[in-house]
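The next block holds one structure in the form of structure tokens; read it before the comments.
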Amino acid sequence: MGSEFVQFSLTPMLIGILASIACALPGNFLILRKQALIGDAISHVVLPGIVVAFLLTGVVSALPMLLGAAGAAVVAVILIEAIKRLGKIEPGAAMGVTFTTLFAAGVLLLEQTDTSSVHLDVEHALMGNLESLIWFQARDGWASLIDPVALAALPPELGRIALVCALVVALTLVFWRWLKISTFDEGFADALGLPTGAIGFGLVITAAIAAVAAFDAVGSIIVIAMFICPPAAARLMTNSLERQIWWSVAFAVLSAVLGYVFAGYGPLWIGAQHAVSAAGMIATVSGLILGLTCLFGPHRSRIGVGKETAT
Amino acid sequence: MALRSAQVTVAAQDGQALRAPDPVASAPLAVRGVTVSYGEKPAVFSVDATFPAGAMTAIIGPNGAGKSTLLKAALGVIPRLSGEVSVFGQPIETARARIAYVPQRASVDWDFPASVIDVVLMGLYRRIGLLGRLTGAQRAKANACLARVGMSDFADRQIGQLSGGQQQRVFLARALAQDADLYLLDEPFAGVDAATERAIIDVLKSLKADGKAVVCVHHDLATVATYFDHVFLINVRKIAEGPVATTFTGANLNATYGGRLAATHIDQLALADPA
């Protein structure tokens, strides 16, 4: 665990961890609100948003991409609501139609756009390129952490995802009570005078911000997996929302670390030649964790779950 | 004639300080011309209602008559097409701290990861605020509210592991924690056991004795006369409102239910105008 680790593995691993946490936190509330698909929808509509932002500005930089993706997320949410109400179609179908159509539109736009000079293509959109986010300047191993020259050369994705992760954590802490009350009992929250519409919308926007920042660094596969797998697994570990959040963070970190290590070394262990995609492996590990908690989680069989409630 | 009305106006101005407050203007809950619509058909049409203090009022009517809708529209939980709502003579936005609301039990997902005491503490939200720290006194208050509904032994139980009646009592404890003056309950007796019904009615009667206003959407016509002081009969439009003794009549019930109540059923009720 010397200088090679710091140079080639520390930053991708950190970015994977921070991206996983930033997505898992809002994922807890999306799942409890039966809106897990929204995370999926957001991570898909991010693509057309980013492409349009690129077309308008001509550069691949964080702020226009973030705004483009957030704009696309808002358009998607409005479209989903419109399809639901005007077409009288169930929410899941409305989301499915919206995000696949927008994603397809994003792919078409991308093909018609000259992006050869920039780092923007469908494969990158799906898988990201975690392995390339290395800290090449860190020639002195751990000592680089106090070397200002080396620190200045950290991949910019790390700073962005750290900032977004901090923002998501702060929002979760500040609006904790609003989120908890309005997620459990929206009618009661309305009667208290809480701005439930804004809370729901703010949650989706926060998820969109997390998705965009994570997308930038690690691609949409991790985003989709992290919105759902760690929170769903965490729900099976505890009956307390507070502890569920901690479990989801722990599972997100575990997925990122194990996924990164398995992707890098796993194939070698079984005799294969090449490492596999870290993003794909991180998502796979999170799915495996969910599978294990489904089988062995202490709160996997709860009274009334999956049965008709007698009223 | 013109002279007389002028004198009345002057008298009214002079007597303003002494006059008893207008019962409608300062009522715990008064709605005027409230209309709510889901789609094209109105669910509640141009309803006026006044709910008095120190009394228990039942809102009764057939399924789909707009009972819950009226309550939710008054609270602003669902949007109104038109109409005004006042709570103790004030607009609802400034009077929310004086209202406690118990939604229908079936309106929430009881699999939510929360314990009984977590839910009761939600009733203290207005006092704790978004970022305030929960104090020992507030926790004690929540426990006292649980004790009032006989659920102290279940404080740390996950809410999904309770019976329907126990869940309803937890909702009532949360409303008690709000320390309100107006209690609005949506079908608090729906699908509960006899012990719970007893526990709930005891709590509601003690609230009434403290001068609070209690309003329940209610289904069971057989208990209206024993539980409630006032009734409000609705079938999209208001049919009648007033004390049970004068308003809970066979004629009004027929007008409300449109002949859907069997005559034999009506005969068994303790009505104000026995046939």
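Data table
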quantity	calculated
Number of positions in region B:54-94 that are of a type in the set (Val, Ile, Thr), in contact (Cβ under 8 Å) with a residue 40 or more places away in the chain and open to solvent by 10 Å² or more (accessible area, probe 1.4 Å)	2
Meets criteria (hydrophobic (A, V, I, L, M, F, W, C), away from chain A (no Cβ under 13 Å) and open to solvent by 10 Å² or more (accessible area, probe 1.4 Å)) for B:ALA199	yes
Flag if A:PHE262 is under 24 Å from A:ILE224 (Cβ atoms) and either at pLDDT 90 or above or out of contact with any Asp or Glu (no Cβ under 9 Å at 6 or more places or on another chain) (or both)	yes
Residues (polar (S, T, N, Q) and either on the phi > 0 side of the Ramachandran plot or touching a residue at least 12 places away in the same chain (Cβ under 8 Å) (or both)) located in region B:108-148	B:SER115, B:GLN138, B:ASN143
Any hit, region A:234-249, residues being open to solvent by 20 Å² or more (accessible area, probe 1.4 Å), within 14 Å of A:ALA19 (Cβ to Cβ) and in contact (Cβ under 8 Å) with a residue 24 or more places away in the chain	yes
Lone qualifier among B:GLN158, B:GLN167, B:GLN138 - being open to solvent by less than 20 Å² (accessible area, probe 1.4 Å) and more than 9 Å from every other protein chain (Cβ to nearest Cβ)	B:GLN167
Test: A:PHE227 is open to solvent by 10 Å² or more (accessible area, probe 1.4 Å) and more than 11 Å from chain B (Cβ to nearest Cβ)	no
B:GLY160, sole failed condition from (1) under 21 Å from B:SER206 (Cβ atoms); (2) over 23 Å from the mean Cα position of the chain (by Cα)	(1)
Test for B:LEU130: is it at pLDDT below 95, over 28 Å from B:ALA43 (Cβ atoms) and within 7 Å of another protein chain (Cβ to nearest Cβ)	yes
Residue list for region B:90-119, filter: in a loop (DSSP other than H, G, I, E, B) and closer than 16 Å to B:VAL217 by Cβ	B:PRO103, B:GLN104
Test: residue in region B:210-222 that is of a type in the set (Lys, Arg), more than 30 Å from B:SER37 (Cβ to Cβ) and crowded, with 18+ Cβ neighbours inside 10 Å	yes
Test: residue in region A:200-214 that is more than 12 Å from chain B (Cβ to nearest Cβ), part of a helix (DSSP H, G or I), free of Cβ contacts under 8 Å to residues at least 40 places away in the same chain and under 15 Å from the mean Cα position of the chain (by Cα)	no
Checking B:SER115 against (1) more than 7 Å from every other protein chain (Cβ to nearest Cβ); (2) crowded, with 19+ Cβ neighbours inside 10 Å; (3) hydroxyl-bearing (Ser, Thr, Tyr), the condition it does not meet	(1)
Residue satisfying condition, being closer than 30 Å to A:GLU111 by Cα and either surrounded by 24 or more Cβ atoms within 10 Å (Cβ to Cβ) or touching a residue at least 40 places away in the same chain (Cβ under 8 Å) (or both), within set A:LEU56, A:LEU47	A:LEU47
Unmet criterion (only one of (1) within 9 Å of chain A (Cβ to nearest Cβ); (2) more than 17 Å from B:LEU185 (Cα to Cα); (3) open to solvent by 40 Å² or more (accessible area, probe 1.4 Å); (4) not small (Gly, Ala, Ser)) for B:GLN104	(2)
Test for B:ALA177: is it among the small types (Gly, Ala, Ser), touching a Gly at 6+ places or on another chain (Cβ under 7 Å) and surrounded by 24 or more Cβ atoms within 10 Å (Cβ to Cβ)	yes
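The values are calculated or read from the model by the stated rules, or taken from the named source; none is laboratory data. Here the structure is a predicted model, which is why all the values come from computation and not from measurement. Methodologically, a virtual Cβ is constructed for each residue, glycine included, from the backbone with ideal geometry; neighbour enumeration extends over all protein chains shown. Surface areas here come from the heavy atoms of the whole protein model, side chains and all, with no ligands, DNA or RNA. Shrake-Rupley method; radii C 1.70, N 1.55, O 1.52, S 1.80 Å.
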